[in-house]
Amino acid sequence: MSRLAAPNRFVGFDPDTEEFTNPVEIDSGGGVVRHMTFHEGTGSFWFGTDENTIGRAEVP
């Protein structure tokens, strides 16, 4: 059971335009997202949560 009532959200920031992307909810089961890394070959972010889940977010 998640300790947080609100879902995590993935938000990007473009330093060239200084604008944020629209938030996207992460279906991670809640908890706190930790240890995020980007895999350039697939354009994916991989992350873990303190609820023992692993997630992947693909960047278009």
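Coordinate-derived values only; no laboratory data. Note that the structure is a prediction, hence the values are computed from the model and not measured. Every residue, glycine as well, gets a Cβ built from its backbone with ideal geometry; the counts of neighbours run over all protein chains shown.
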Distance in nm between pseudo-label sites at Asn22 and Thr42 (7 Å out along the Cβ direction from Cα): 2.5 nm
Net length gained if the chain between Val32 and Asp50 were fully extended (0.36 nm per residue, minus Cα distance): 5.9 nm
